[in-house]
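Below is one structure, written out as C-alpha cells; the observations come after it.
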Amino acid sequence: MNIMRILLLALAAAAAGVAAAAAANPADTPADTPAAYSHVIPVTVSGRQAVVQLPLPRDVYLQARSSDLRDLRLFDAGGAPLPFALVERVREDGVTRSKAPVAVFPVRAPAGASAQDGLQIRTREDGTLVSVRAPAAGDAADVLANLILDLQPPAPARANGTNDAGTASRAIAALDLTPPAFERSYNAQVMLEASDDMQHWTPVTDAALSWLVNSQGARVQKSRIEFAPRAFRYARLSWLEGKPVEFAAISADWVTELQAPAQWESLVLQPAPGRTGGDLVYAAPVAIPVESVGLVFRGNNTVLPTAIGQYRELPPRQAGEASGSDLRTVASATFYRLTQNGQQRESGDVEVPPTHAGQWVLRPQAKVAERPELRLRWRLGTIVFVASGNGPYTLAFGRDGVPPAHLPLAQVAPGFSRGELAALEVARAGTPVRQHAPEAAPGGAASGRAVWLWTLLLCGVAALGFMAWRLVRQLKDAPPGQPPA
C-alpha cells in the first residue's frame, strides 16, 4: 500500500505542474502590446498638454472585434499602456442670452366691450402680424383694451463660431417694458398670456408694474415681467388693475440653448440572400453603434416598403424538430427613389434605437426590382487620455478575447468641467496600418513542457490503474493471513 501512496503523490505533483504550466502560458497568449492587435494607428500630440482628446477614427469601428470596443488600446512609444476614457464626442452645449424688439399691436374697443374674441387679424405667410383689430373698433371714443405682441426669434446662433449650426432651442424668459414719456407716475397689475396661433391662449404670469419720476428726472421703476423660459410666438398683455397704456417699446429676453453638432459617419453594405423568402442580409461590423438606416437604390423610380432588423433564433416547438428564426424588427418604412418633373426625390434615413449587430436583415413588403444596398449611420465617439510617456503613441484595435481597458472619465480627467473637456487639445491620428494577426509559437518551450506534463499525467494514471489491478489480484490469490507477494 506504500507503493499506492507514492504513486498518488507523484500523480498529484504532476497534475499541479500541468495546472501551473497552463496558468502561466494560457494557449501561449501574446502579450498586450501593439503587435498583438490586427490594426494600429499612430497618434501624435503637441506635448504641451497632459490630457488630450482624440475623435475615434472610422477604421476603429470597422475593424474592432467587440461591440463595446473592449479591444481598444493606447500605447506609448515604449509599448506601455496609457489610461483613457471612452466617451461620446466631447462638446460644449452653449447657452446665450439676447434681446430682440417686439412688434406691438394695440387693440382698441369701446369702453366696457370685450376685446378678447373675434379679433380681425392679418398675417403674412411666415406668421408675421400685419394688423390686429377688435370687431367693434372704429369709434374715436374707443379705449385701449390690451396689447398683442408678435415675438419673432433672433437669427440662429452658430456652434463654436463656425458655419456648422447645431441644434438650437429658443425660449423667452422676460419682457422689458419701456414706460411712455408722458406717464411720470404709474401703478398697474397686468396679465401676460401666450399663444402660437392667436386662437388659443394660456396664462403665463401676472405682474405688478410701477414707476415714478421726480422733478429732477430721477426714475424708480419696476417694468420687467419675468417668468420661466418658454417658447411661444404671440403674447397678449391685458390689465387686471390700473390704466392701460401704450409703452414706448417692448423687448424680449431670449434664452438660446445651442447643442453643438455631432460628427456622423456612414457605411454602405452590400446585400446577400437571406434565410427565407425575399429576405436580404447585410454583414456589418459589430462595433458600429447604428442610429439610423437607409436604402441606396441604383436604379430610378423605385418604391419599396420594408422591415429592417435582425434574425432572432426560436426554440423548436417539439423534440427532434429543427429550431427556427424570426425577424426582430427595429424599423419599418417605405424607401424610394423617384424622378418627378426633372427633380430627384429620395427617401432619407430612418432613426433606430442604438444597435450593435453583426448582421442586418431587410424584409421587403413588395416585389423587389433590384437588391438595394443598406446604409448605416452612427456618431463617432472620442477617447480622452493622459499623454504620459514618450510619443508618438499607438492606437491599437482588433483582437478577440481581451478585457476592456477604458476607465471612467473621472479617473482620466478628474475635476475637468464640460467647458474644459470641450477645449482639450485634439490629437492627430495618422494612417491606419493592418498587421498580421499574432500566432502562438508552435513547439515553444512552454508549449512542449505542457504537452510533456499532460503525457506524464496520463501515463501515471494508466500505471496507477495497472498497479491497482495487480494488487487486487494478488490480494485475491494470497492464502488467508499471508500478505501478498
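The values are calculated or read from the model by the stated rules, or taken from the named source; none is laboratory data. Because the structure is a prediction, the values reported are computed rather than measured. Ideal geometry is used to build each Cβ from the backbone, glycine not excepted, and the neighbour counts take in all protein chains shown. Just so you know, the surface numbers come from the protein's heavy atoms only, side chains and all, with ligands and any DNA or RNA stripped out. Shrake-Rupley method; radii C 1.70, N 1.55, O 1.52, S 1.80 Å.
Can you name the condition, by its number, that Val220 falls short on among (1) loosely packed, with under 13 Cβ neighbours inside 10 Å; (2) more than 37 Å from the chain's Cα centre (by Cα); (3) closer than 30 Å to Asp126 by Cβ?
Answer for Val220: the failing condition is (3).
Is segment 197-211 home to any residue that is under 24 Å from Ala145 (Cβ atoms) and over 48 Å from the mean Cα position of the chain (by Cα)?
The initial filter retains those residues of segment 197-211 that are under 24 Å from Ala145 (Cβ atoms), namely 197-211.
From the residues that got through so far, the ones that are over 48 Å from the mean Cα position of the chain (by Cα) too are 210-211.
So far as segment 197-211 goes, yes, one or more of its residues are under 24 Å from Ala145 (Cβ atoms) and over 48 Å from the mean Cα position of the chain (by Cα).
Is it the case that some residue within segment 286-302 is in contact with a His (Cβ under 9 Å, 6 or more places away or on another chain), hydrophobic (A, V, I, L, M, F, W, C) and either part of a strand (DSSP E or B) or exposed (fewer than 11 other Cβ atoms within 10 Å of the Cβ) (or both)?
The first filter runs over segment 286-302 and keeps only residues in contact with a His (Cβ under 9 Å, 6 or more places away or on another chain), leaving 286-290.
From the residues that got through so far, the ones that are hydrophobic (A, V, I, L, M, F, W, C) too are 286-288, 290.
Those left that are additionally either part of a strand (DSSP E or B) or exposed (fewer than 11 other Cβ atoms within 10 Å of the Cβ) (or both): 290.
Checked segment 286-302: at least one residue is in contact with a His (Cβ under 9 Å, 6 or more places away or on another chain), hydrophobic (A, V, I, L, M, F, W, C) and either part of a strand (DSSP E or B) or exposed (fewer than 11 other Cβ atoms within 10 Å of the Cβ) (or both).
Within segment 234-285, can you find the residues that are among the small types (Gly, Ala, Ser) and open to solvent by less than 20 Å² (accessible area, probe 1.4 Å)? Please lay out each step first, then the result.
Initially, segment 234-285 is screened for residues among the small types (Gly, Ala, Ser), giving 235, 238, 242, 248-249, 251-252, 260, 262, 266, 272, 274, 277-278, 283-284.
Result: Ala235, Ser238, Ala252, Ala260, Ala284.
If only one of Gly320, Gly324 is loosely packed, with under 10 Cβ neighbours inside 10 Å, at pLDDT below 90 and more than 30 Å from Trp378 (Cβ to Cβ), which one is it? Step through it out loud before you land on a result.
Numbers: Gly324 fails: loosely packed, with under 10 Cβ neighbours inside 10 Å.
It is Gly320.
Give the number of residues within segment 167-190 that are open to solvent by 20 Å² or more (accessible area, probe 1.4 Å) and within 15 Å of Phe247 (Cα to Cα).
Number satisfying all stated conditions: 9.
For segment 346-391, enumerate the residues that are closer than 22 Å to Tyr61 by Cα, not hydrophobic (A, V, I, L, M, F, W, C) and not in a loop (DSSP other than H, G, I, E, B).
Glu351, Pro353, Pro354, Thr355, Gln359, Glu373, Arg375, Arg377, Arg379, Gly381, Thr382
Which residues, taken from segment 382-406, are under 20 Å from Arg434 (Cβ atoms) and surrounded by 21 or more Cβ atoms within 10 Å (Cβ to Cβ)?
Filtering segment 382-406 down to residues under 20 Å from Arg434 (Cβ atoms) leaves 392-402.
Matches in segment 382-406: Tyr393, Thr394, Leu395, Ala396, Phe397, Gly398, Arg399.
Given the structure, is Val213 in contact with a strand residue (DSSP E or B) (Cβ under 7 Å, 6 or more places away or on another chain) and buried (at least 17 other Cβ atoms within 10 Å of the Cβ)?
No.
Taking segment 72-87 as the search range and keeping residues that are part of a strand (DSSP E or B) and either open to solvent by 20 Å² or more (accessible area, probe 1.4 Å) or among the hydroxyl-bearing types (Ser, Thr, Tyr) (or both), which one is farthest from Val426 (Cα to Cα)?
The extreme case among them is Pro81.
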